[in-house]
Amino acid sequence: MDKQSISELLEKIKDINKEYQEKYQKNLKESSFNIFQIERIDRKEVNMCRFLGAILDPNAGHEMGNKFLISFVKDVLKYNDFEEKISQNVECSVVCEELIDESRRIDLVIKGSGVYIPIEAKIGAGDEYRQCTDYLTYAKNKIVNAKLYYLTIDGRAPSEKSVEGLNREQKANDIIKISWQNISEWVEKWRKNLLADGKCDLAFCFKQYRYAINNFISNTEFEEKMIKEFCKNVETLKAANEVYLNYNKARISIMKEFFAELKERIYEAAMDIDDQDLLVKEDFVMNKSLDEDIQNYYKNKTYPSITFPFKKDKISGMLKDFIGNDYEFAIRIEVKENLFIGLCVPYVEKELSEEGQETKIYENKGMPINCESIRSYIQKDIDSGKTTLTYETKKDKYIKDWWVAWQYIKFNNSKKTVNFKDADIKNNEDYFSLCDKKKISELVSNCCEDFKKVYNYCKTLLNI
């Protein structure tokens, strides 16, 4: 592979990404706290259409009557005689997810006496077989001269499979292409009008909606520019493939650096604070599966971790009864998607190494008995603020079935935690910062601090 081609491609992609980041930061300044993005619905057609439907619906409670609806149909859809029909006391309603034949649903429909305007929206989803054909046919059974409005990010035409069965004239005249950019411009126009009229709350809603639209428009432009660069010639496509093949290797390398430093420093932290010799440090040192777990992490097969079990003879009372003979009680730092620390009850199996040394293997076989007794005890400490650990809000079964309590490890003096799986540059910038070894050290420091807090809390559980 020509190294120069790879280097040139990376430089070009870096420039494209810089341009995208500048545009993203500009959008961010316009609306730095966006409910659509927080709820992760800004790329979901159904949710985005529901909000649009609420704007357009004269009875939705925005106290603007049919002004939005008339303006939208006239300025965005270019439906010229709609205002005249409205003036003739034609009452219109706006329906989201209109159910039609074959249990299909049209994203948005404006309808009334002599009016049926279906809008099919696309953001990330692809076309279905005969989708536009079926929607248009259904609409024409309602109104003979009905059109289907096809809303996409870039105003493109529907795919051939979606319009199968339509003739050339129907494709050209009966399917009207509109874009989310058209929607964004219309929303911005009304945002300014509302602000001028002192309707600040409504103007803010429009601002949030426009930002969400602009965000996924920018994402699409960014992707298209990269794809165009990849496909420029044979060498650039080969270079792109080479980068793709080595990307996860680079991510594995970052994780190895993180765990290498974590393993060294957290062992030192354990030696420093374990003045009563509660931890079985030898088992920690012999965590032989860690390298293999890191190597297989991006194949969705493993959860890299470091485990500090407590010595069995140091455990007494209810906790001793709880874990029984075949389980241990341990502090564990682990990466699933996010990085977290907690108390778990691993099942212990022993095996001999090639050198004849006995090694303990910690396996997730669920809780040894009903775990509610120990969790109820810990819940009192959670409620009183004695510990920041929790267990109630995690839905994942893997976390619930052998974790007694847990918490995310925060990073970079924020409430965020590093997600080692998510490759979203915008929402997971802290992860990408780990290319800087100083940032890895900062994250390891946070791990060590949380480890000390959890350890000190465990002393109360162990009746120390």
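Does any residue in the range 56-80 that is within 16 Å of K147 (Cα to Cα) come within less than 9 Å, Cβ to Cβ, of a residue that is at pLDDT 90 or above and in a loop (DSSP other than H, G, I, E, B) six or more places away or on a different chain, and which pairs are these?
The qualifying pairs are L77/K147; Y79/K147.
Considering only the range 439-464, state which residues are under 16 Å from I378 (Cα atoms) and touching a Phe, Trp or Tyr at 6+ places or on another chain (Cβ under 9 Å).
Y455, C458, L461, L462, listed by residue number.
Check Y211 against each of (1) in a helix (DSSP H, G or I); (2) under 22 Å from I100 (Cα atoms); (3) aromatic (F, W, Y) and name the one condition it does not meet.
(2)
How do the helices (runs of 4 or more DSSP H) wholly within the range 1-90 filter down when requiring 1 or more residues that are at pLDDT below 75: which remain?
Passing ranges, in order: 3-30, 35-38, 82-87.
Inside the range 385-464, counting only helices (runs of 4 or more DSSP H) that do not spill past its ends, which hold 3 or more residues that are modelled with pLDDT of 75 or more?
Answer list for the range 385-464: 429-432, 437-461.
If you take the residues of the range 329-345 that are crowded, with 21+ Cβ neighbours inside 10 Å and part of a loop (DSSP other than H, G, I, E, B), which of them is modelled with the lowest pLDDT?
For the range 329-345, the residue satisfying everything is V345.
Regarding I227, is this residue in contact with a strand residue (DSSP E or B) (Cβ under 9 Å, 6 or more places away or on another chain), under 27 Å from I178 (Cα atoms) and either aliphatic (A, V, I, L, M) or loosely packed, with under 13 Cβ neighbours inside 10 Å (or both)?
no
State the number of residues belonging to the range 147-164 that are modelled with pLDDT of 90 or more, of a type in the set (A, V, I, L, M, F, W, C) and buried (at least 18 other Cβ atoms within 10 Å of the Cβ).
Total satisfying the criteria: 3.
Counting only residues that are within 34 Å of the chain's Cα centre (by Cα) and part of a loop (DSSP other than H, G, I, E, B), which one in the range 112-129 is surrounded by the most Cβ atoms within 10 Å (Cβ to Cβ)?
I123
Suppose the filter is within 17 Å of I55 (Cα to Cα), hydroxyl-bearing (S, T, Y) and out of contact with any strand residue (DSSP E or B) (no Cβ under 6 Å at 6 or more places or on another chain); does S184 pass it?
yes
Under 9 Å between Cβ atoms, which residue pairs at least 6 apart in sequence (or on different chains) link something in the range 111-140 that is under 16 Å from C49 (Cβ atoms) with a partner that is polar (S, T, N, Q) and not in a loop (DSSP other than H, G, I, E, B)?
K111/S93; E120/Q131; A121/T152; K122/T152; I123/T152; I123/T220
Among the listed residues A139, A203, identify the single one that is modelled with pLDDT under 95, under 19 Å from N80 (Cα atoms) and in a helix (DSSP H, G or I).
A139
Does any residue of the range 236-244 turn out to be under 30 Å from Q181 (Cβ atoms) and touching a residue at least 60 places away in the same chain (Cβ under 8 Å)?
Checked the range 236-244: at least one residue is under 30 Å from Q181 (Cβ atoms) and touching a residue at least 60 places away in the same chain (Cβ under 8 Å).
Among (1) within 19 Å of W402 (Cα to Cα); (2) in contact (Cβ under 8 Å) with a residue 24 or more places away in the chain; (3) part of a helix (DSSP H, G or I), where does D293 come up short?
It is condition (2) that D293 fails.
Name the pairs: first residue in the range 158-184 and farther than 30 Å from S218 by Cβ, second residue acidic (D, E) and not in a loop (DSSP other than H, G, I, E, B), Cβ to Cβ under 9 Å, at least 6 apart or on different chains?
What qualifies is G165/D134.
The values are calculated or read from the model by the stated rules, or taken from the named source; none is laboratory data. A quick note: this is a predicted structure, and the numbers were derived from the prediction, not measured. Cβ: placed from backbone, ideal geometry, glycine included. Neighbour counts: every protein chain shown.
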